1. What whole number of Å gives the distance from the Cα centroid of the stretch 207-265 to the Cα centroid of the stretch 53-82?
2. Taking the Cα atoms only, what angle lies between the long axis of helix 202-214 and the longest principal axis of the chain, rounded to 10 degrees?
3. Between V177 and R80, what is the spin-label point distance in nm, taking each point 7 Å from the Cα along the Cα→C-beta axis?
4. If r is the Cβ-Cβ distance from Q3 to H118 and R0 is 41 Å, what FRET efficiency results, to the nearest 0.05?
5. Please list, in chain and number order, the residues 5+ apart from K159 or on another chain whose amide H is under 5 Å from its amide H, with Hs placed from the backbone.
6. Among P228, P124, P176, which one moves the most in a GNM of the chain with springs linking Cα atoms closer than 10 Å?
7. When only alpha-carbon atoms are used, what values of Rg and Dmax, in angstrom, describe the stretch 1-152?
8. Out of the GluC sites (Glu not before Pro) in the stretch 211-304, which ones are loop residues according to DSSP with at most 16 other C-beta atoms within 10 Å?
Amino acid sequence: MEQKIIIAGGSGFLGNALYQYYTAKGVLVKILTRNPKKADDVYWDGKTLGAWKNELENATALINLAGKSVNCRYNKANKRAILSSRIDSTAILGSAVRACEVPPAYWFNSSTATIYQHTNGDAPANTEKEGKIGSDFSMNIAKDWEAVFNRQVTPNTKKVVLRTAIVYGKDGGAFPVVWQLAKRGLCSPQAGGQQWVSWIHEIDFCKAIDYIMAKEATGIFNICAPNPITNKTFNEVLAKYAQPIIKLPQPKWLLQIGAIFIKTEVELILKSRKVYPANLLALGFKFDYENVEDAIANISLKNR
Ligand SMILES: NC(=O)c1ccc[n+]([C@@H]2O[C@H](COP(=O)([O-])OP(=O)(O)OC[C@H]3O[C@@H](n4cnc5c(N)ncnc54)[C@H](OP(=O)(O)O)[C@@H]3O)[C@@H](O)[C@H]2O)c1
């Protein structure tokens, strides 16, 4: 039987990466979106049941990526939307799965590696089993997101939580922005550069999901490369490839002012994320890009 994958919130960066990956393998992919544009797009509103539910019948997997981008100012309205877009979409997908005659075999629900506390210096990286969960705004969002997913009882659907680190890719997400800034000289350590950066190449993000499914695994997975690096190292590698004429200093106060101008939060840069993909490695997953230099060398080619 033809494989069918449904990606809720699949019109964005990661959904597009998965769409390319799976359609290249001959899998039928449908995208649940609030603004259908392509033949494979299906309308949903992310919060109420509708005809879209029928797409889930007999699906190989449902992958939920829906959520308002966190790349915005954390004012009251945005904070509310960041939370509700994740909670409402996850809850309604649970109702849809339960309403299916033949529900999807798998349900991957996005979460984030930001759920873990800041990790300083040589402290061990956070694994799924021993990682320290935090409680600031972003960490609480992640906890609520996972809690609503965990509450969904789906006896015939295997469930997986994706605690994804920053995904580096050619056509979206953080990398193209960071790359353009680096080319203009903004590739020095940020706010001292001692904070950890956990990351994954977009192709490994796709392959990891595929691998978990092939192994019929369930539970929580840190979706990140096994070699987190400091912000200083990341910027050194970035500078090596971006080759700016000058390197401008990036102290914390300047980043804080800059974040206001470009309508984002400096937390996205200052957070120290040190995360380790223990469960993926235990399952035998092999990364195409284990080291950040290989990833940047690959991704930066297209953005030069
Ligand atoms: N990119 C990363 O590095 C990264 C890392 C960790 C975790 N994540 C998480 O992974 C997910 C996907 O990331 P991404 O980079 O692909 O994000 P993205 O490009 O912003 O795409 C997210 C999608 O969510 C949908 N969406 C937004 N607000 C919604 C709402 N109120 N109700 C229903 N759907 C809504 C949008 O689809 P429509 O507008 O078409 O409906 C959008 O295409 C996000 O939840 C993100 O938090 C991403």
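1. Cα centres, the stretch 53-82 to the stretch 207-265: 21 Å.
2. 30
3. Going from the V177 label point to the R80 one covers 2.4 nm.
4. Working: r = 40 Å, r/R0 = 0.98.
FRET efficiency, Q3 to H118: 0.55.
5. Under 5 Å from the amide H of K159 lie the amide H atoms of W107, G219, each far enough along the sequence or on another chain.
6. Comparing P228, P124, P176 in the GNM, the peak value goes to P124.
7. So, for the stretch 1-152, Rg and Dmax equal 16.5, 51 Å respectively.
8. Details: sites: E216, E236, E265, E267, E290, E293; in loops: E216, E265, E290.
Taking the stretch 211-304 and a limit of 16 other Cβ atoms within 10 Å, the loop GluC sites (Glu not before Pro) found are E216, E290.
None of the figures in this text is laboratory data; all of them are computed from the coordinates on show. These figures come from a predicted structure and were not determined experimentally. Methodologically, a virtual Cβ is constructed for each residue, glycine included, from the backbone with ideal geometry; neighbour enumeration extends over all protein chains shown.
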